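The values are calculated or read from the model by the stated rules, or taken from the named source; none is laboratory data. This one's a predicted model, so the numbers in the text were calculated from it and none came from an experiment. Glycine also receives a Cβ, built like all others from the backbone with ideal geometry; neighbour counts cover every protein chain displayed.
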Amino acid sequence: MRECSFCGRRAVYFERTAGVHRCDRCFKENIEKRFHRTVTKNNLVEPKDRVVAAVSGGSDSLTNLKLLADFSRYKDVEIVSLTIDEGIEGYRDGSIPIAENCSDRLNVRHVVISFSEVFGKTLDELAGISREGNGPDPCTLCGILRRSLLNQSARELDADKLAVGHNLDDETQTIMLNYVRGDIARLYRLGPKSKGKKGFVPRIKPLREIKEKEVAIYALLSDFDVHMETCPYMGGMRSEVRDFINKMEHNHPTTKYKILRMFDKIKPHLPVDSKDFDLKKCKICGEPSTGTLCRACELLDSLGVERRKKTLISK
Ligand SMILES: [Zn+2]
Ligand SMILES: [Zn+2]
């Protein structure tokens, strides 16, 4: 039996970067400390904030919700959890009750917004229409529509922040993807907290310095019923970059932290054209947009789909 390097109890995790073993208690304590450090260092949550946490039912979002809910108990902060039901057969069905139960257990209000309710079609149906018309692939569709519903719901819920469960693996993959694609504008938008200008609720990432594996173990040790399935639409360049980074991390522990730290150091020096776009309100859904229609409504229009619901949250 391996012993915890700190208290001598049975170890559950070996942290290769630091060369230490941790038991369940010391492991959880360490994750909580690191979450706290990311939140305070980057000023992610402030007193009196209302934070909407996006919860899919996977371990990242459940851990994020739990840590935020614990944090809110001794700070003057309100947490609301929000699930977007995209309508992906066999994938989403199990995850919604999990998000619901977890929110109940943490005493947090839970809101569900579904594609079929708002757009009159599930993601599966939209993907079918898009395929026939040679439109965008399901991941692109889902990304644009999901992002738009998350922001609109958060805004209608009067949120000061929208918290997402991106972990260290997600963040380093996105950094590398933008390097590979040469997309400086997107690269510039990455970070622990986005600017919340004109209708955009600032997005925060409290887990961005914690590895995917550590987040998963934390969720298991917290007795969450975790939704484990992988999205059937997942694939493409991101999985190539993920495999590459994981191999590097295996051979050279600390690779992930180094990619993140390097990016955080470079970011303030990126030559970004900072002219502010004149943001208007989309004439259909009210989301911020550069033209008369936002990207989501433009996309729906190109598929010949009409939005059923303009306001998402009934007051
Ligand atoms: Zn211990
Ligand atoms: Zn719109």
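Between Leu82, Leu65, the distinction of being in a helix (DSSP H, G or I), in contact with a Ser or Thr (Cβ under 7 Å, 6 or more places away or on another chain), surrounded by 21 or more Cβ atoms within 10 Å (Cβ to Cβ) and touching a residue at least 24 places away in the same chain (Cβ under 8 Å) belongs to Leu65 only. The residues of the stretch 107-121 that are more than 13 Å from Glu306 (Cα to Cα) and either of a type in the set (Val, Ile, Thr) or over 22 Å from the mean Cα position of the chain (by Cα) (or both), listed by number, are Val108, Val111, Val112, Ile113. When Gly58 is tested against the conditions (1) under 25 Å from Met248 (Cβ atoms); (2) modelled with pLDDT of 95 or more, the lone failure is (2). In the set (1) among the hydrophobic types (A, V, I, L, M, F, W, C); (2) away from ligand 1 (no atom under 16 Å from the Cβ); (3) loosely packed, with under 15 Cβ neighbours inside 10 Å, Ala54 fails one condition alone, (3). The single residue among Arg22, Arg34 that is modelled with pLDDT of 95 or more, part of a strand (DSSP E or B) and either within 10 Å of ligand 1 (Cβ to nearest atom) or surrounded by 15 or more Cβ atoms within 10 Å (Cβ to Cβ) (or both) turns out to be Arg22.
For Phe277, indicate whether it is modelled with pLDDT under 90, surrounded by 15 or more Cβ atoms within 10 Å (Cβ to Cβ) and either within 16 Å of ligand 2 (Cβ to nearest atom) or not acidic (Asp, Glu) (or both). So that I can check it myself, show each step before the final result.
Working: modelled with pLDDT under 90: yes; surrounded by 15 or more Cβ atoms within 10 Å (Cβ to Cβ): no; either within 16 Å of ligand 2 (Cβ to nearest atom) or not acidic (Asp, Glu) (or both): yes.
So Phe277 fails the test.
Results for (1) of a type in the set (A, V, I, L, M, F, W, C); (2) surrounded by 15 or more Cβ atoms within 10 Å (Cβ to Cβ), shown as yes or no for each residue.
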residue	(1), (2)
Val118	yes, yes
Leu145	yes, yes
Arg155	no, yes
Asp160	no, yes
Lys198	no, no
Arg203	no, yes
Leu220	yes, no
Val226	yes, yes
